[in-house]
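Throughout, read-outs are computed from the coordinates displayed, never taken from laboratory work. All figures in this text were calculated on a predicted structure; none of them were measured in a lab. So basically every Cβ, Gly included, is an ideal-geometry build from the backbone, and we count neighbours across all protein chains shown.
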Amino acid sequence: RAKADGRHRFTLFSQDMIEISRRRLRIANAINNSLNANEFTLFYQPKVDVHQKIIGYEALVRWSNDELGHISPAEFIPIAEQSGKITQITEWVIEQAFKDSHSIFAVRNSITIALNLSIHDLKNPSLINIIYRLMLQYKVKPQQIEFEITESAYLDNFEGANLFIEEIRNMGCSIALDDFGTGYSSLSYLTQIKIDTLKIDKQFVDQIGVSQRSTLVTKTIIEMAKHLDLQVCAEGVETIEQSQLLLDSGCHILQGYYFGMPEPLEIILKKLQ
Ligand code: C2E
Ligand code: MG
Ligand code: MG
Ligand code: MG
């Protein structure tokens, strides 16, 4: 009987695995056509300063497909990375954000737009030239563009990432280390990297007021970042309590549903006006 159960469970498990890999394959295969069919869009989420003034937006990619429905970037970005399609997505995101930036900067000139890059992008030797070319083409000021690189992408390829970052910063753009605190690594690398902003991961923000010890860790990260002359941004701020503690701890930039959800360009333009 136990054996039968075991076998049954095994069948279920392998059935699940087949479903998962089937879906992954469908997603990977749909990416190219979807890029051409304009199924991708960018949403924009505000970042605010200590006075709750909007200082910039993070572009977050959205994808809705007739057959697959709405697919979250948390699902398709890793698939795009593994199937080598991230390069096309990244190029599309950069070009679209540069196009969109004109209408944003027309309303508010003094803000920045942040774009997410993935592990794979840092290993793409032509990306720097593509960014440079698109910047000239769309007449975007590099000072108004920030690139967010996750801590894990950074640690995966430390030397390469440093070179990439140096070139990006020489161009005049700034760099934020995204999802900081989830990389499970020694902090010694922080003395060797040249970034502008450290983005504290939502999982720390979630613990504010829940766990005293985690709250203390979050405060210490902010303190440390300030000693290293870095700007600190907290992501995923959902409550006034989290916001208050982060501000009291000296956090410079806040982002999260409490201040604004990621929304389509038309909506954020209306709100900015
Ligand atoms: P991320 O860069 O850390 O972005 C933050 C994610 O948290 C976004 O999810 C955002 O919608 C969500 N978020 C923001 N504030 C809150 C909040 O207060 N509460 C909660 N529960 N969530 C909040 P999203 O848009 O689903 O993106 C997930 C991840 O996918 C991003 O994490 C980023 O790593 C990646 N991603 C998104 N767009 C792009 C892109 O254009 N290129 C690349 N390479 N990656 C992207
Ligand atoms: Mg990000
Ligand atoms: Mg993040
Ligand atoms: Mg995150």
Gain on full stretching of the segment that runs from Ala28 to Ser186 - 0.36 nm per residue minus C-alpha separation | 53.5 nm
Contact order normalised by residue count of the chain, Cα under 8 Å, 6+ apart, percent = 18
Among Leu122, Leu25, Leu245, whose mean-square fluctuation peaks in a Gaussian network model of the chain (Cα, cutoff 10 Å)?
-> Leu25
Dipole magnitude of the chain about its Cα centre, charges +1 at Lys/Arg Cβ and -1 at Asp/Glu Cβ only, in debye to the nearest 20?
-> 400
Give the share of C-alpha pairs in each 5 angstrom bin for the stretch 79-180, from 0 to the last occupied bin, in whole percents, shortest bins first.
-> 2, 12, 24, 26, 19, 10, 4, 1
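I'd like to know how the chain sits against the 2.2 N^0.38 Å rule of thumb: what's its Cα Rg over that expected value? Before the final figure, lay out each step's value.
Details: Rg = 20.2 Å, N = 273, 2.2 N^0.38 = 18.5 Å.
Relative to the rule-of-thumb radius for its length, the chain sits at 1.09.
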Around Ile71 (Cβ within 14 Å, Cβ-to-Cβ, excluding Ile71; K/R +1, D/E -1) the net charge comes to +1
How far is it, in nm, from the label point at Glu241 to the one at Asn38 when both lie 7 Å from their Cα along the line to the Cβ?
-> 4.6
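Using helices alone, what [θ] at 222 nm do you get for the chain, with -39,500 (n - 2.57) per DSSP H run of 4 or more residues, divided over all residues and rounded to the nearest 500?
Working: 10 runs with 136 residues, N = 273.
Result for the chain: -16000 deg cm²/dmol, rounded to the nearest 500.
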Taking a cut-off of 17 Å between Cα atoms, list the aspartates and glutamates near Lys139, but don't count ones fewer than 8 places away on the same chain.
-> Glu91, Glu95, Asp100
Reachable aspartates and glutamates, given that their alpha-carbon falls under 12 Å from the alpha-carbon of Lys85 and they are not under 8 places away in the same chain | Asp121
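Identify the chymotrypsin sites (Phe, Trp or Tyr not before Pro) of the stretch 139-223 meeting these criteria: DSSP loop state and at most 15 other C-beta atoms within 10 Å of the C-beta. Display every interim value, and only then the final one.
Numbers: sites: Phe147, Tyr154, Phe158, Phe164, Phe180, Tyr184, Tyr189, Phe204; in loops: Tyr184.
Those that pass, being in a loop and sparsely packed, are Tyr184.
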Which value in nm describes the separation of the simple spin-label points at His102 and Arg213, placed 7 Å from the Cα toward the beta carbon?
-> 5.5
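If the viscosity is 1.567 mPa s and the temperature 4 °C, what translational diffusion coefficient in µm²/s does Stokes-Einstein give for the stretch 215-266 when Rh comes from Kirkwood over Cα pairs?
Numbers: Rh = 11.6 Å.
Translational diffusion coefficient: 111 µm²/s.
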Taking N as the number of residues in the stretch 27-111, what is its alpha-carbon radius of gyration divided by 2.2 N^0.38 Å?
-> 1.24
Cα centre as origin, Lys/Arg/Asp/Glu Cβ charges: the stretch 132-191 dipole, Debye | 420
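In square nanometres, what is one fourth of the surface area of the convex hull spanned by the alpha carbons of the stretch 114-249? Don't skip to the answer; put the middle values down first.
Working: hull surface 34.2 nm².
For the stretch 114-249, the mean projected area of the Cα convex hull comes to 8.6 nm².
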Approximate spin-label separation Glu266-Arg133, in nm, with each point projected 7 Å along Cα-to-Cβ | 3.2
Quick one: among Ile222, Ile20, Ile168, which has the greatest mean-square fluctuation in a GNM of the chain with alpha-carbon springs under 10 angstrom?
-> Ile20
